[in-house]
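Structure, as structure tokens:
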Amino acid sequence: MKRCIVIGSMPVDFDLKSIIQPDDFIYCADGGYVHAQNQGIVPYIIVGDFDSSVQPADTQAKVIKLPCEKDDTDTYYIARQIVAEGYTNAVFCGVTGGRLDHTFANIQMLKFLEANGVDAAIVDKDTTLNVITDRSITLSPQNDRYFSVFALDSKCIGVSEKGGKYQLSDVEITNDFPIGVSNEFIGKAVEISVKNGSLLIITTKKD
């Protein structure tokens, strides 16, 4: 299993070392290297146009300078590299909580990675985001959190949720009605599956 951690420049509100494993490759997107530096993390590669941060001059990492005018965001550029370099797992931190348009772009990025065989997640202190397409995922019991599912396609067919407070069995959900919001764990694992379509799954800490 080849896994990478991607640190973005949006707010980071937890100890990044708590999720980093010894064999992980660390990428930083633009100002994400500042978060890494502040927590004593040495990245593998730093990628960015450096429009919102100063390009690092003294670093052990390889630096890839991107043009400011481009089709990909810095984070999406890294996502394409993840696919090209054969990673099977990726965890993104510091890619939510800032600009809403970039957050939404990063959710779409999860769908791109899923379509290309990469099991990816976006995490922060309180929330985890996953995307599944035509498959299932099992969530460990997290009684201090809600979980929600949303259709990323116009409709998702054959959606089931087992093990939570509210059950779904082989139903169709659409992207214009959030029927899957705010389900609850009840002390056991939850299995979520979809036969056809892409689901966004969000687990988030209760107030």
What number goes with the only condition from (1) farther than 15 Å from Phe150 by Cα; (2) in a strand (DSSP E or B) that Ile201 does not pass? (1)
Which residue is farthest from Asp124 (Cα to Cα), if the candidates are limited to region 1-51 and must be more than 15 Å from the chain's Cα centre (by Cα) and of a type in the set (Lys, Arg)? Lys2
Within region 7-21, does at least one residue satisfy the condition of being in contact with a Phe, Trp or Tyr (Cβ under 8 Å, 6 or more places away or on another chain), at pLDDT below 90, surrounded by 15 or more Cβ atoms within 10 Å (Cβ to Cβ) and part of a loop (DSSP other than H, G, I, E, B)? no
Across region 113-131, what is the number of residues that are small (Gly, Ala, Ser) and under 10 Å from the mean Cα position of the chain (by Cα)? 2
Of the residues in region 85-106, those that are aliphatic (A, V, I, L, M) and at pLDDT below 95 come to Val95, Leu100, Ala105
Going through (1) surrounded by fewer than 18 Cβ atoms within 10 Å (Cβ to Cβ); (2) at pLDDT below 95 one by one, Phe112 fails only at (2)
For region 40-57, does any single residue satisfy the condition of being at pLDDT 85 or above, more than 24 Å from Leu129 (Cβ to Cβ) and assigned by TED's automatic domain parsing to the domain that holds Asp15? yes
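The values are calculated or read from the model by the stated rules, or taken from the named source; none is laboratory data. Owing to the predicted nature of the structure, the values given are computational and were not obtained by experimental measurement. A quick note on method: Cβ atoms are made from the backbone with ideal geometry, for glycine too, and the neighbour counts reach across all protein chains shown.
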